[in-house]
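S.K.: Shown below is the structure under consideration.
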Amino acid sequence: MKKLLLTIPCNFGVEAIVGREIKHLGYEIAKTIDGRVDFYGDELAIARANIALRTAERVLLKVGEFEAFTFDELFEKTKALPWADFIPQNGEFPVAKANSVKSTLFSTSDIQAIVKKAVVEKLKQKYCIEWFTENGARYPIHVFAHKDIFSIYMDTSGNNLHKRGYRANSNLAPIKETLAAAMLDLTPWHWDRILIDPMCGSGTILIEAAMKGLSIAPGINRSFGAETWDFIAKKEWENARTEFKDLEKHDRQFLIQGYDIDFRALRTARENAVLAGVGKYIHFQERDVRDLQSHDKYGFIVTNPPYGERLEDKKSVEILYKEMGVAMSCLDTWSYSIITSHPDFEWIFGRRADKRRKLYNGMIKTTLYQYFGPKPPKRIQE
């Protein structure tokens, strides 16, 4: 087993959540910076992290890190990295992504070209050939430069980890699965408490909640780029899948409900829930948020309402927020978490939040407003 440095990119604001997930898998955090968490692991850790992390965007294998101010330095230091330890003779190795922030070398296309050339030259030395067919497994290379420090990675995930495989169709402006999972992680909801999303759209928040409640790993039903890599044995992926499959709790009974006024969105939500394997655990219903009510106590509302980003939508969204405040005020024992980018949400909603947290929904800067209800009385043990 090799000791590997793995980097987990994530949404800004959820680094601590990702860190907790990594620790829960049994690994120690090496470093945390904005939008990234590093930890050491082995080949099995690559499989386990890809399958199990709910709030991570990718799992990157760090090949090396160095300072470079010129393209010559970038070439030589990239060439010095141990590429042949990872990429076989027939491997496809595109420099799929490059970013440069506050660095002397700022042209991402030039950075990609130089890194590609350096890797080619290093592999020529190893395999003693002049031409690479690149017709084998894909080993995507990512380059990130920040203040002249270059971090070189290989992407083990393939498709982004928020693509769980269940959302074949979605309505406009959906929330990413990883952000929905983060919202739930920041909410003290437990599977034995009722949960409602009164503006559920394509059902992402509720599906993520059901998967969490059943202990279904988010990546259990999808494939990953590194599954075809030569240096990671197939048994590592098989062992990881078996581990997390054995943790599933399909015998749990809980109440999750989703409402929306758009019957087409509800149809999509039902289809997505079935694809995710949680269709029987979520009840979807066509209902307006103004009609929100429940006889249950100590429940949770977690929702992603419209933001009113477009000027023509702003007035209608503000009316919606006011109506939400009225409807939710009747649920006096409930807790609710609402994410929006509207700067005046609390004033319109009619109540200051007990806690606020800055998060990003894609490129939109948002705030998660949390309102905490009373804790339910402790159950008496018979």
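S.K.: Where in the range 1-89 are there strands (runs of 3 or more DSSP E), lying fully within it, with 3 or more residues that are within 25 Å of ARG164 (Cα to Cα)?
M.R.: Per the criteria, 4-9, 36-41, 60-67.
S.K.: Go through the residues of the range 305-313 one by one and say whether even a single one is among the aromatic types (Phe, Trp, Tyr), at pLDDT below 95, more than 18 Å from MET199 (Cβ to Cβ) and surrounded by 14 or more Cβ atoms within 10 Å (Cβ to Cβ).
M.R.: Among the residues of the range 305-313, not one is among the aromatic types (Phe, Trp, Tyr), at pLDDT below 95, more than 18 Å from MET199 (Cβ to Cβ) and surrounded by 14 or more Cβ atoms within 10 Å (Cβ to Cβ), which makes the answer no.
S.K.: Right, something else. Could you identify the single residue in GLN370, GLN293 that is surrounded by fewer than 16 Cβ atoms within 10 Å (Cβ to Cβ) and polar (S, T, N, Q)?
M.R.: Answer to the check: GLN293.
S.K.: Going by what's in this entry, would ILE175 be described as of a type in the set (Val, Ile, Thr) and modelled with pLDDT under 95? Reasoning before the result, please.
M.R.: On the way: of a type in the set (Val, Ile, Thr): yes; modelled with pLDDT under 95: yes.
Yes: the conditions hold for ILE175.
S.K.: Moving on to the next point. For the structure I just gave you, tell me whether LYS23 is at negative phi and touching an Asp or Glu at 6+ places or on another chain (Cβ under 9 Å). Explain how you work it out, then say what you get.
M.R.: On the way: at negative phi: yes; touching an Asp or Glu at 6+ places or on another chain (Cβ under 9 Å): no.
So LYS23 fails the test.
S.K.: Let me ask something additional. Filter the range 204-221 for residues that are at pLDDT 95 or above and part of a loop (DSSP other than H, G, I, E, B); which is farthest from ASN135 (Cα to Cα)?
M.R.: Among them, the one singled out is LEU214.
S.K.: Hey, can you tell me all the residues within the range 201-253 that are of a type in the set (Gly, Ala, Ser), in contact with a Ser or Thr (Cβ under 8 Å, 6 or more places away or on another chain) and either surrounded by fewer than 22 Cβ atoms within 10 Å (Cβ to Cβ) or closer than 22 Å to VAL278 by Cβ (or both)?
M.R.: The answer is GLY201, SER202, GLY203, GLY225.
For (1) of a type in the set (A, V, I, L, M, F, W, C); (2) under 16 Å from the mean Cα position of the chain (by Cα), each residue gets a yes or a no:
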| site | (1), (2) |
| --- | --- |
| LYS163 | no, yes |
| TYR166 | no, yes |
| LEU184 | yes, yes |
| SER202 | no, no |
| LEU214 | yes, no |
| ASN221 | no, yes |
| GLU227 | no, no |
| GLU243 | no, no |
| LYS249 | no, no |
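S.K.: Now a separate question. For the range 26-52, give me the residue count where each residue is charged (D, E, K, R) and either surrounded by fewer than 17 Cβ atoms within 10 Å (Cβ to Cβ) or under 14 Å from LYS2 (Cβ atoms) (or both).
M.R.: Final tally of qualifying residues: 5.
S.K.: Can you tell which of LEU247, LEU292 is under 25 Å from PHE345 (Cβ atoms), of a type in the set (A, V, I, L, M) and out of contact with any Gly (no Cβ under 9 Å at 6 or more places or on another chain)?
M.R.: One residue alone meets the criteria, LEU292.
S.K.: Which one is modelled with the lowest pLDDT, of the residues in the range 333-370 that are within 15 Å of VAL317 (Cβ to Cβ) and β-branched (Val, Ile, Thr)?
M.R.: ILE364
S.K.: When you look at ILE261, is it β-branched (Val, Ile, Thr), within 30 Å of ALA84 (Cβ to Cβ) and more than 22 Å from the chain's Cα centre (by Cα), yes or no?
M.R.: On the way: β-branched (Val, Ile, Thr): yes; within 30 Å of ALA84 (Cβ to Cβ): no; more than 22 Å from the chain's Cα centre (by Cα): yes.
Judged against the criteria, ILE261 is not a match.
S.K.: Right, another one. Give the residue that is surrounded by the most Cβ atoms within 10 Å (Cβ to Cβ), with candidates limited to residues of the range 103-134 that are outside any helix (DSSP H, G or I) and of a type outside the set (A, V, I, L, M, F, W, C).
M.R.: SER103
S.K.: Now, a different point. Any residue in the range 234-253 that is within 21 Å of TRP334 (Cα to Cα) and assigned to a loop (DSSP other than H, G, I, E, B)?
M.R.: First, the residues of the range 234-253 that are within 21 Å of TRP334 (Cα to Cα): 253.
Pick out the ones that are also assigned to a loop (DSSP other than H, G, I, E, B) and you get 253.
Yes: one or more hits.
The values are calculated or read from the model by the stated rules, or taken from the named source; none is laboratory data. Keep in mind that this is a model prediction, so the values were computed, not measured. Reconstructed Cβ throughout: ideal geometry from the backbone, glycine too, with neighbour counts over all protein chains shown.
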